[in-house]
Structures are given as structure tokens and as C-alpha cells.
Amino acid sequence: MKINIVLVEPEIPQNTGNIARTCAAIGAKLHLVYPLGFSISEKQVKRAGLDYWDKLEIEEHSSFETFLTKYKPEENNMYFITTKGKNCYSDIDYREMEEIFILFGKETKGLPENILKKYLDKTARIPMRETLRSLNLSNSVAIVAYEILRQDNFKNLQEISNYFGE
């Protein structure tokens, strides 16, 4: 299964760096949709991603429209993660999908409402208390990505720790 993590107009460099590190660790492709709220070369992005940048596949898109034209939601397994999602992220069966796109919006506004309405059946949420606005973006990416991996039995990931030389 190929996982694509799509960040639409991310604003906080540390979040993007953390997400890049997660993508490198799990073998997911990272898509960055412009405009970004920072420069990809910023120190905070590089620091949060540590020395994983060379182990990461990144594709950059000039706009959300450009991304949606190249990777059409009607032709791809695509889920839009939002606090307003129709489905719970863990109720979706990802196991039969060869490739999947998980989209996350900017930290302050999320994904565009017109897109969420258009693809309502492809929206998913992470349950949380109603009185709070949202989870941290990098945490949200990790939660959803690891659920996809769990359903695929963590295929191609290290199964046994060799830390203690056992």
C-alpha cells in the first residue's frame, strides 16, 4: 500500500518538519500544496525533520487546484481529514487500497469548505471533545497514518526491536 500525505497550505514549519519525519519513517510520500506559510528551507522545518529529508519522497504542487487536477478524487482513494468529517478515520477500511491520499488543511482554517461539501462521503474526522477546535496537525497525520498501517499489519515496517541485541 502506498500512502500519500497531502498538506494543503501548511502554515507552521515545525509541523511540516515533524510530518516529513513521520513520512520518512513509514515510507509515505509527502505532498506540499502551495502557498506555504514558510520557506521549505527554513531552519525550523529542517530541524524538526532532523536528518530524514534525504529519505523522503516529496512532491510539490503550485496550488490545490493543480493537485486536484493531477490526482482526481473521483479516480483515487482520497480522504479529506477534517473536524467536520462524516466518517470516523478508524471506521474506514483501507486494507484493499493499493494507494491512498490523506489530505490535511492548513492549521488555522483546515480544508476549503466547498471541497469538503463536494466530497462529503470522503471526509473523515478524529474524535475529540466538542468544546475544542482541533488537534495538532502533525499529531493528526500520525494518528491517521498509523491506523492505515495497522490495518495493513504494518507491512514493510520493522516488526521486532533489536535495540537490546536480542
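Key figures
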read-out	value
Net charge contributed by nearby residues that have their C-beta within less than 15 Å of Arg95 (K/R +1, D/E -1)	-4
Extension reserve of the Leu135-Ser39 stretch, reckoned as 0.36 nm per residue once the Cα distance is removed	32.2 nm
Top of Thr83, Thr69, Thr131 by mean-square fluctuation, Gaussian network on the chain, Cα under 10 Å	Thr131
Whichever lysines have a C-alpha closer than 20 Å to that of Lys109, once near sequence neighbours (fewer than 8 apart) are set aside	Lys84, Lys86, Lys117, Lys118, Lys122
The stretch 2-151: relative contact order as a whole-number percent, Cα under 8 Å and 6+ apart	29
Lys, Arg +1 and Asp, Glu -1 on Cβ, resulting dipole of the stretch 2-151 about Cα centre, debye, nearest 20	420
Order of Arg133, Arg21 - criterion: other Cβ atoms within 10 Å of each residue's Cβ, fewest first	Arg133, Arg21
Ascending count of other beta-carbon atoms within 10 Å, so fewest first, for His61, His31	His61, His31
Added length on full extension, which subtracts the Cα-Cα distance from 0.36 nm per residue, Ala25 to Glu113	28.6 nm
Cut-off 20 Å, label 7 Å out along Cα→Cβ of Trp53, residues of the stretch 84-120 by amide N	none
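Every number here is computed from the coordinates shown, using simple stated rules; none is lab data. These numbers were taken from a predicted model, which means no experiment stands behind them. When we count neighbours, we look across all protein chains shown, and the Cβ atoms used for this are built from the backbone with ideal geometry, even at glycine.
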